[in-house]
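Here is the structure we will look at.
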Amino acid sequence: MFQDLREAQSVFHDILKKGETLIWVGKPKQGFVMKPSDRYLIPFSIFWCGFVFMWEYITWNMSDGFPIMPIFGIPFILVGLYLVVGRFFMDNAIRKNTFYALTEKRILVRTGVWNTSVDIYRFDDIQHIQFKEKADGSGTVLLTPSGITLPDAMGKGKATLPAGTVQFEFIKEVKTVFLLLQEKMDTRSATA
């Protein structure tokens, strides 16, 4: 949650319509976070780096004069280092600049590291919501827009979700947010 409502209003000030008020605001958990996909990415990234460093060592020792083959390995070293360490820093930077908000009518997601983007969804556009809660009450809410079928992907280690799926990832009090979303969706469909 934000330190105070004023901070949240400053983040979403330009996006709110006249008379629209925030009913919930939040941010993803900050710091180092392990995701289900890391089960596969960590061993793969270690294997990748081991292979690339072995390649560099062998080609460096085999090169006479100008080391052309080791130069070709440099991009692969950079990719390996990103997979092992860099992606955690990038993920943290993305979450640090991600903000979630609910108003009476809309769902707002603001994110961006170098450029800011805002995704806006009306409650009418959301067909299905699902949440996964951890023991401490935090978790993730998935919101699926109409026309997209969402298999029960949460917790199954899947790295990607169907295009158009909205996530409130690593939020506090996930069940409260889920119930608030459910209430807003029920209210909107009752008035439609």
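For segment 94-115, give me each residue that is hydroxyl-bearing (Ser, Thr, Tyr) and either within 16 Å of GLN9 (Cβ to Cβ) or surrounded by 18 or more Cβ atoms within 10 Å (Cβ to Cβ) (or both).
Initially, segment 94-115 is screened for residues hydroxyl-bearing (Ser, Thr, Tyr), giving 98, 100, 103, 111.
Result: THR98, TYR100, THR103.
For residues in segment 146-191 being at pLDDT 65 or above, among the hydroxyl-bearing types (Ser, Thr, Tyr) and in a loop (DSSP other than H, G, I, E, B), which is nearest to VAL118 (Cα to Cα)?
THR165
So VAL84 ticks every box in (1) farther than 26 Å from GLY112 by Cβ; (2) touching a Cys at 6+ places or on another chain (Cβ under 7 Å) but one. Which box is left unticked?
The number of the failed condition is (1).
The values are calculated or read from the model by the stated rules, or taken from the named source; none is laboratory data. Only a predicted model underlies this, so the values are computations on that prediction, with no experimental measurement involved. Backbone-built Cβ (ideal geometry, glycine too); neighbour counts: all protein chains shown.
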